[in-house]
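Notes for the one structure printed next.
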Amino acid sequence: MPREYKASLKDIGDRITLPKEFRELIKVSKGDILQYEIKGDTIVLRPFKVPKNPTKNLFGLASEVSENALEGDNLVLFELNEKQKREV
């Protein structure tokens, strides 16, 4: 049977405090972001994994709304280029 852990809700910012033993078990530290899913009356917590290159995940997305896949990728590249110009 899995071990049960208790967590407490804090009044400041609706935070949840997880016991150190639990954080070590799922390999997270104070301040890490957790992903959660609600299944009925159960909350499933997972460490949030940031992709190594989140921008790379964007390539190909615009091709789904374009008849020409290359045109869609070019739209994404154009948008990224425009964003870089605005940030300079």
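The values are calculated or read from the model by the stated rules, or taken from the named source; none is laboratory data. Note that this is a predicted model, so its numbers are computed, not measured. Cβ atoms come from the backbone with ideal geometry, glycine included; neighbour counts cover every protein chain shown.
Quick notes
- All of LYS52, LYS27 fail the test of being modelled with pLDDT of 70 or more and either aliphatic (A, V, I, L, M) or within 19 Å of TYR5 (Cα to Cα) (or both), apart from LYS27.
- Selection within segment 29-43 - outside any loop (DSSP other than H, G, I, E, B) and surrounded by 10 or more Cβ atoms within 10 Å (Cβ to Cβ): LEU34, GLN35, TYR36, ILE43
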